[in-house]
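Here is the structure we will look at.
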Amino acid sequence: MDGPRSAERTLLVGSFDKRRAAARIDAEADMDELAALAKSAGAAVVGVWLQARAGGMPLGAGALDAVRDRVVRERLDLVIWADELTPRWAREWEAHWGCRVVDRTELILDIFSRRANSREGRLQVEVAQLTYRLPRLAARQRGLSRTGGGIGTRGPGETRLEVDRRRVRQRVAALQEELGRVDRERQTRRERRAAGLIPTVALVGYTNVGKSSLFRQITRRAALVENQLFATLDPGVRRVHLENFGPVLLVDTVGLVRRLPHSLVAAFKSTLDEVREADLLLVVVDASRGGERQEAVVDEVLRDVGAAHIPRLLVENQWDRVGAGQRPRGIPVSAATGWNHHGLVAALAGRLAEDRPPIQMLVPWGAGEVLGWIRAEGAILEQDPAESGYEVRFSAPAGVAARVAERVRAEVAGALESAAGWHTGPGRES
């Protein structure tokens, strides 16, 4: 949507299959989401039109005329259709209603184009936009398809259309090649992180439920926090040290919506890889409204991107706004007030520790530097002085634990050799 800067007066239009049970409830939830999306794009939503249908065309003739009358009466600038619209319907509806018509996918693409800040994000958005617009070029350039009105008047219009299509395909190919390079760079960074055996935790959830606020609290770093859908489009990665566990990499990901357009899933492959390759997901929902429904949306998208198998913790944000008597289904927190922040961090550390059994070891006095290694990459759970060193119970990545064990063995072996040399050395009685 490349509209003027002033808010466009907008009507949201949708339909549902009246033969299906609960179809109206689902449609109304979709329209609520569409309204939030439209407001994030800068539109002024003045109303909603929802029609019950029994198959066939998306809207009946009566509904088309009723929408046209409302567009004229209320001087509307824009109609947003609640689903993806074919180029044919978009063209015919624009002609019938006398205003611009965009669908849900184009609306989301518009929001993404405004939110993308990184090089990768801008490339991904452009690929998704061009992929979406390619089959719609004919509709947008209908006036260029002929130079006259009848047989024998075909002119350069078709040539122009084919040239534009070829240019779009070439641009998409060039962008995908550049995205491939960016993806390889990201994969290299992920492999380096994996080599360090530091677990990755990804914050996922419905858009605008407070993921970035929680990310900022846990990492104690600045992060973009706005009351808008898709305010965070580019993922952030921060290293955090959790008490009684050690360091983890926390990833703040793009917010999810119902039926995320497939073009966006494909374009944002490398970003979604951060979710697919995480060791644990923190699924954040808004406890004050529709938490169960938001969780269902997240489940749906995680299945679509191949991340349904990853372990997860449910985090119920905005617990300060819930009604009396509501019982938590997950970890209740309030990103706005900071309530139960420590409970969330402790639960996160405890869940990660389940996959890292603690190790008991005697660390000789001479190998005391390994305690620093453990504190840097893991956590010392217990430490008691003994006759020849420290009795230590600790948790650490396998690579760090192996380094510690090797250093302790070397120290013990060196001590044994020194003791043997002291007993058999020159000037000693045999």
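The values are calculated or read from the model by the stated rules, or taken from the named source; none is laboratory data. For clarity, every value in this text was computed on a predicted model and none was experimentally measured. Quick reminder, even Gly has a Cβ in these numbers, built from the backbone with ideal geometry, and neighbours come from all protein chains shown.
Number of residues in region 33-75 that are loosely packed, with under 14 Cβ neighbours inside 10 Å, at pLDDT below 90 and part of a helix (DSSP H, G or I): the value is 2. Restricting attention to region 88-120, the residues that are assigned to a loop (DSSP other than H, G, I, E, B) and at pLDDT below 85 add up to 3. Among the residues of region 310-325, is there at least one that is closer than 30 Å to Arg181 by Cα, modelled with pLDDT of 80 or more, among the hydrophobic types (A, V, I, L, M, F, W, C) and assigned to a helix (DSSP H, G or I)? Checked region 310-325: no residue is closer than 30 Å to Arg181 by Cα, modelled with pLDDT of 80 or more, among the hydrophobic types (A, V, I, L, M, F, W, C) and assigned to a helix (DSSP H, G or I). Note on region 372-397: residues that are assigned to a helix (DSSP H, G or I) and within 23 Å of Ala346 (Cβ to Cβ) total 4. Checked against the criterion of being in a loop (DSSP other than H, G, I, E, B), modelled with pLDDT under 90, under 15 Å from Thr207 (Cα atoms) and under 21 Å from the mean Cα position of the chain (by Cα), region 293-309 contains not a single residue that satisfies it. Scanning region 326-346 for residues that are assigned to a strand (DSSP E or B) and among the small types (Gly, Ala, Ser) yields one hit, Ser334. For the criterion of being closer than 22 Å to Asp26 by Cα, of a type in the set (Gly, Ala, Ser) and modelled with pLDDT of 85 or more, Ala287 passes.
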